[in-house]
1. Under a 1.4 angstrom probe, counting protein chains only, how are PHE136, PHE111 ranked by accessible area, largest first?
2. Order LEU362, LEU295 by their accessible area, 1.4 angstrom probe, all chains in place, largest first.
3. How much solvent-accessible surface does SER262 expose, in Å² to the nearest 10, with a 1.4 Å probe and all protein chains in place?
4. Length gain on complete extension for the stretch THR254 to SER347, per 0.36 nm per residue less the alpha carbon to alpha carbon distance?
5. Could you compute how much accessible surface PHE342 exposes when probed at 1.4 Å, giving the result in Å² to the nearest 10?
6. If the chain between GLU294 and GLN100 were fully stretched, how many nm would it gain, using 0.36 nm times the residue separation less the Cα-Cα distance?
7. Quote the charge dipole size of region 271-387 about the Cα centre in Debye, to the nearest 20; the model charges only the Cβ of Lys and Arg (+1) and of Asp and Glu (-1).
8. Lys and Arg at +1, Asp and Glu at -1: add these up for the other residues within a Cβ distance under 10 Å of THR164 and post the number.
Amino acid sequence: MLAPPDRVVTGAEAEALDAGVIEDARRRQRRRRGVLSAVALAAIVAAMVGDILTGGGSTGRFSDPRPLSVPAVLTPRVLSGTPIQTASALGSVWVLTCEQNCSTSPQQQSFGRLFRVNGHTGQIVARIDVTNPSAFAIGAGMVWIVDFYAGRVRRVDPRTGRTTQTISLPHLKRLGPDGRRFLPSNISASRAALWVASARGWVAEINTRSGRVVSLVRTPFDATGHVAVGQHATWVAESSLGVGVVRPGDSRLTLLAIKARSDQVTVDQIALGGGLVWAYGEIAARASQNRGGELTDTARLVTLNPRTGRIIHQLRFPAGPYEIAYGSGELFAANYRTGQLFRIDASYRLHALRSVRGPGTLIAVTPGAIWATTRSAVMRRITVSSR
């Protein structure tokens, strides 16, 4: 396990460094979500960073356990708040939203909900009240909710909505008293482990049974924080540096650069499925090891061998950015700017599906359907025919 550096920074220098780290997290969010309006952007960024100051996590109760019969479309009156993240697991689609104090000062708590939607009927079967919503993952039959500013992960029983364990992430010795927080920005879960990415360039591995942090891996500060846990490795999106790989039993990150001709692919998202690693990113022209380059209007979807990390295929995408999700044996993508949905088949062909009205699209995949959620809190169930 890597030990945090011993140097301690105090006073004004620590405050400046801490502010710089948080601003860097904001910068990466702006780059990926650059098409958002100022109000919507403030809501999402605040949910990730500013508003998440004290306490937090699940309140341990459902707001309204009664199912609602809305099989195709969920509207803002039902799916309240600004969507932050979606996922598909346990036969359901999960949507995390921020509803209150999402763009106010960091001295106030923010409030939201984690909605559980039946993946067959479209009914909302549960709403879990969440304080300081930021990110979540589902693994080992549990829901894991991240508290960014407090540096904690909460384990929530999906059947009752109650918090059954709170895991404190380690302080980093690199910074001073005001800048030692872990600042967890992303989380991925498997049956045995959680991987939590820090905005400060660390990834923590947590045992799901004991809740103990078993390893701490150093990553570059350029990491986007998106993490995916697979059978053969843990994969971390590393922006212009490509992807980072942590093999089982290792506490070191190996970087794999991804190039499109002479330009760099700035990996923003990673998905696992079909025995492949799927990495999405926009093209950065004139990028180098010490320079991020200039983002262009083109993007790439790259597949890698999960055992070797070797690049298998690159698919050119129209102008993005995109949200990607794997399910039903194929990868799906949503243009965050236009709402256009795509299906990528096993032969790496890009098929345009229908468009969703409204930008800011997040997607989750269940058997036979894509669930597209826009930033205006409208979720649509879109049937995908069998092929």
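The values are calculated or read from the model by the stated rules, or taken from the named source; none is laboratory data. None of the values given here were measured: they were computed from a predicted structure. FYI the Cβ positions are ideal-geometry reconstructions off the backbone, even for glycines, and counts take in every protein chain you see. Just the protein is used for accessible areas: all its heavy atoms, side chains included, with ligands, DNA and RNA removed. Shrake-Rupley method; radii C 1.70, N 1.55, O 1.52, S 1.80 Å.
1. Ranked from most to least accessible, the order is PHE111, PHE136.
2. LEU295, LEU362
3. 90 Å²
4. Residue separation times 0.36 nm, minus the Cα-Cα distance, leaves 30.6 nm.
5. 20 Å²
6. Extra length available between GLU294 and GLN100 comes to 66.3 nm.
7. The calculation lands at about 120 debye.
8. +2
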